[in-house]
Amino acid sequence: MTTKVNGTDNSVSAPAFVGTDTTSGIYFPTTAQVAFSISGSQVGLITSTGLSNVATINVTTLNASSLVNTATVNVTTLNATTIVNPSITNFTETPVSIGNSGTTQTLSLANGTFQSVTLNGNCTFTMPTVTNGKSFILIVTQDATGGRTATFTSVKWPAGSAPTITTTASTGRDILAFFSDGTNWYGAIAQAFA
């Protein structure tokens, strides 16, 4: 691979530092900026405030020790299989509103693990596939009619007895927590939040 140094700032389509592909390399858009281009498009910009304009960073391993002199790492979306021993401050889960339950509802965790549903019929909830270590919260609220029931398939409850959902119209609200050990779902409930 042949490299060259033009001695000029150049541009996104003709970077200053290039290999054999003269449209991909490093250039200097303005004072105190270093940018990267791939096939004539900017894919990253480094300024005194950090790295920006990066669509995707694929990281196999990111250790805290590799973030030397990094005050903040802002991530919009992080797709990761395993994150080991993180310390997360002030996080917010994305709420998932199922809407009205109908008489059957299959619970899915694909969009989040903080979910809510309004009972508008006596509903049988089918649980998600058991996955070791998975958990989720479900807030169940009665509709304006009230008196609706909820049954959850394949859940083990304390003392082997499933709870009776609060039935007060409009204000009957229960919070259910579910935990999986990879074989079973275990349920717990806090009831009658008005």
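Values quoted throughout were computed directly from the atomic coordinates according to the rules given, and no laboratory measurement underlies them. This is a predicted model, so every value here is computed, not measured. Positions of Cβ are backbone-derived with ideal geometry, glycine not excepted, and every protein chain shown enters the neighbour counts.
Tabulated results
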| read-out | value |
| --- | --- |
| Residues whose placed amide H lies under 5 Å from that of residue 16, excluding near-sequence neighbours | 11, 26, 27, 28 |
| At R0 = 25 Å, FRET efficiency that the Cβ-Cβ distance of residue 129 and residue 93 yields, to 0.05 | 0.80 |
| Cβ crowding within 10 Å averaged over residues, with 14-27, 147-160 ranked highest first | 14-27, 147-160 |
| Using θ = phi - 60° and Karplus 6.51 cos²θ - 1.76 cosθ + 1.60, couplings along segment 173-180 (whole Hz; Gly, Pro as x) | 9, 10, 10, 10, 10, 10, 9, 10 |
| Residues residue 26 and residue 110, FRET efficiency given R0 of 30 Å [Cβ-Cβ distance, rounded to 0.05] | 0.15 |
| Phi to ³J(HN,Hα) by Karplus 6.51 cos²θ - 1.76 cosθ + 1.60 over segment 10-16, Hz, x for Gly, Pro | 6, 8, 4, 8, 9, x, 6 |
